[in-house]
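K.L.:
I have a structure I would like to understand better, so I am pasting it below and will then ask my questions one at a time.
The values are calculated or read from the model by the stated rules, or taken from the named source; none is laboratory data. On a predicted model such as this, the values are computed, not experimentally measured, just so you know. FYI the Cβ positions are ideal-geometry reconstructions off the backbone, even for glycines, and counts take in every protein chain you see.
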Amino acid sequence: MRAPKALALLPIVALLAGCFGSAPAVPKEQYFRLVATAPAGQSAKKISGGLEIVPFAGEGVMSERPLLFTADGGRKLEQRNYAYWTDAPPQMLRDQLVSYLRQAGIADNVAPSELRLETAYTVQGTIRRLEQLVGSDTGAVISLELAVIEKSSDRLVLSKVYTAEKPTSGDGIDGAVAALNDGLDEVFAAFTGDLAAAKF
């Protein structure tokens with residue numbers, strides 16, 4: 001009597017095995033960098049006294065490594081599964097700004113704050129937006145608030161929000177990261193131009 005019962009269970013076992021065998025593969029994790037392109041040329045003006053660049057501030061999810069996307073103009077943000085920045089955005093953006101300003105020759109010294117060098121000015125940054133746009137308006141947007149403060153007097157030399165929105169041909173992550181890199185170039189170039197025009 002037991003053999004017929006066992007035979008009756010075979011179709012169920014085969015069905016379950018088929019379900020587990022056809023399960024979709026888990027997507028592989030991907031890691032991305034924000035890398036600013038070297039400036040086109042050297043700044044005509046060199047700031048005397050040097051610039052100290054501190055890690056950027058970023059509220060909540062802005063400071064986390066998963067890539068962000070929005071479909072409603074930034075009111076609701078979601079994190080991308082399996083897609084991460086290689087470093088936390090506050091650190092990554094600061095390091096890129098240090099490299100960019102050094103290559104631009106904007107000051108006689110540009111250093112990250114960890115080096116504790118004697119410098120005359122501090123550059124502070126805040127991440128306002130850093131996300132992929134999906135839905136009707138595909139693209140990416142980066143918005144950074146950048147400020148320069150004279151250490152000796154706490155005088156605010158420069159404070160401005162720089163925003164760049166770049167279109168993409170679709171909702172792919174690779175295209176969004178490329179657009180964010182293009183936007184970063186635009187933001188850094190505008191900031192460097194304002195530094196050259198500021199009254200130090």
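K.L.:
Can you spot a residue in segment 68-75 that is at pLDDT below 60, on the phi < 0 side of the Ramachandran plot and not in a loop (DSSP other than H, G, I, E, B)?
P.N.:
Scanning segment 68-75 turns up no residue that is at pLDDT below 60, on the phi < 0 side of the Ramachandran plot and not in a loop (DSSP other than H, G, I, E, B).
K.L.:
When segment 106-133 is examined, which residues are found to be more than 22 Å from N181 (Cβ to Cβ) and not hydrophobic (A, V, I, L, M, F, W, C)?
P.N.:
Matches in segment 106-133: D108, N109, S113, E114, R116, E118, T119, Y121, T122, Q124.
K.L.:
Also, quick follow-up: Across segment 166-190, which residue is surrounded by the most Cβ atoms within 10 Å (Cβ to Cβ) among those that are within 14 Å of the chain's Cα centre (by Cα) and among the aliphatic types (A, V, I, L, M)?
P.N.:
My answer is A176.
K.L.:
Scan segment 160-176 and report the pairs whose first residue is in contact (Cβ under 8 Å) with a residue 40 or more places away in the chain and on the phi < 0 side of the Ramachandran plot and whose second residue is buried (at least 18 other Cβ atoms within 10 Å of the Cβ) and assigned to a strand (DSSP E or B), with Cβ atoms within less than 6 Å and a gap of 6+ or a chain change.
P.N.:
Filtered contacts from segment 160-176: I173/A83; A176/Q132; A176/A140.
K.L.:
So which of E64, E52, E78 ends up being surrounded by fewer than 17 Cβ atoms within 10 Å (Cβ to Cβ) and touching a residue at least 24 places away in the same chain (Cβ under 8 Å)?
P.N.:
E64
K.L.:
Ok, one more. Taking the criterion of being at pLDDT 95 or above and in a loop (DSSP other than H, G, I, E, B), would at least one residue in segment 77-87 satisfy it?
P.N.:
yes
K.L.:
What is the one condition in (1) surrounded by 15 or more Cβ atoms within 10 Å (Cβ to Cβ); (2) at pLDDT 90 or above; (3) not charged (D, E, K, R) that Q30 does not satisfy?
P.N.:
That leaves (1) as the condition not met.
K.L.:
Here's a follow-up. Can you give me the number of residues within segment 145-182 that are aliphatic (A, V, I, L, M) and more than 21 Å from A107 (Cα to Cα)?
P.N.:
8
K.L.:
Going by the structure shown, is R102 surrounded by fewer than 20 Cβ atoms within 10 Å (Cβ to Cβ), in contact with a strand residue (DSSP E or B) (Cβ under 7 Å, 6 or more places away or on another chain) and without any contact (Cβ under 8 Å) to a residue 24 or more places away in the chain? Let's see the steps before the verdict.
P.N.:
Values: surrounded by fewer than 20 Cβ atoms within 10 Å (Cβ to Cβ): yes; in contact with a strand residue (DSSP E or B) (Cβ under 7 Å, 6 or more places away or on another chain): yes; without any contact (Cβ under 8 Å) to a residue 24 or more places away in the chain: yes.
Yes; evaluated as a whole, the condition is true for this residue.
K.L.:
So, one more: Restricting attention to segment 177-187, does a residue exist that is farther than 19 Å from G58 by Cα and part of a strand (DSSP E or B)?
P.N.:
Scanning segment 177-187 turns up no residue that is farther than 19 Å from G58 by Cα and part of a strand (DSSP E or B).
K.L.:
Further question on the same structure: Select from segment 30-67 the residues that are within 12 Å of the chain's Cα centre (by Cα), assigned to a loop (DSSP other than H, G, I, E, B) and either of a type in the set (G, A, S) or within 30 Å of S152 (Cβ to Cβ) (or both) and list them in ascending order.
P.N.:
Within segment 30-67, A36, F56, G58 qualify.
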